[in-house]
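A.B. asks: My questions all concern the structure below.
Since every read-out is calculated from the coordinates, none of them should be taken as a lab result. Values in this document were obtained by computation on a predicted structure and should not be read as measured data. Using ideal geometry, Cβ is built from the backbone for each residue, glycine included, and neighbour counts are taken over all protein chains shown.
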């Protein structure tokens, strides 16, 4: 093992899409404030931008793990567990490797360190819950798509935004704004604007009908 004084604290953050640049900066600020509060000065930031947490290989994570195996890292800090991995299998494998190299792993949001059997238990539980939530969301999206296809609703990227399709996907398919935006090839804000206008129009019609 190398001397402790030659090691540094690694700060890891990640965002899944290119639209989350602000989120990445927020994570970095949180990590820096944590270091400041705990008087940690010798640190290095690793940030993966536009990389899914399901990927086992990410440029910055790979660099971090290379330093881990070179025994250059004393501690790894991340804003929350989902930033380091959204896969329970990979999360536990990483934790096991951190423990092998005697590296302290800290998740700020969950407010714990994995230097105990309790910490490892919490990681397993939180990782399992996170994975279950993803599977449930995926299943719900599939069911919504099947429902829309059965009713003849056109899906996929279009050159022009179809207000009717967006409204149908929301009402009939019960899909989220992000899911609809991805299917229609437009921004979530465009979908929200269309749904809001539809909601306001329906309210006006209801008000007119009630007044008669």
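A.B. asks: Apply the a/c threshold of 1.5 to the C-alpha gyration tensor of region 4-119 and tell me whether it is rounded, prolate or oblate.
C.D. replies: Working: a/c = 1.42, a/b = 1.17, b/c = 1.21.
Rounded is the answer for region 4-119, as its axis ratio a/c remains below 1.5.
A.B. asks: Something else about it: Which order, highest average first, do 75-83, 116-124 follow once you tally other Cβ atoms within 10 Å for each residue and take the mean per peptide?
C.D. replies: Put in order of decreasing packing, that is 75-83, 116-124.
A.B. asks: Restricting to region 4-119, compute how many DSSP beta bridges are antiparallel as a %, nearest 5. The partial results should precede the final answer.
C.D. replies: Details: 2 of 17 bridges.
Rounded to the nearest five, the antiparallel share is 10 percent.
A.B. asks: Could you sort the peptides 25-33, 39-47 by per-residue average Cβ neighbour count (10 Å cutoff), highest mean leading?
C.D. replies: Working: 25-33: 16.0, 39-47: 14.2.
In descending order of packing, they fall as 25-33, 39-47.
A.B. asks: Full-extension gain between residue 111 and residue 171, please, as 0.36 nm times their residue separation minus the C-alpha to C-alpha distance.
C.D. replies: On the way: separation 60, 0.36 × 60 = 21.60 nm, distance 3.93 nm.
Here the answer is 17.7 nm.
A.B. asks: Starting from the Cα gyration tensor of region 1-72, take the square roots of the eigenvalues, sort them a ≥ b ≥ c, and report rounded, prolate or oblate (rounded when a/c is under 1.5, otherwise prolate if a/b is larger than b/c, else oblate).
C.D. replies: Values: a/c = 3.82, a/b = 1.32, b/c = 2.90.
Oblate, since a/c reaches 1.5 and b/c is not below a/b.
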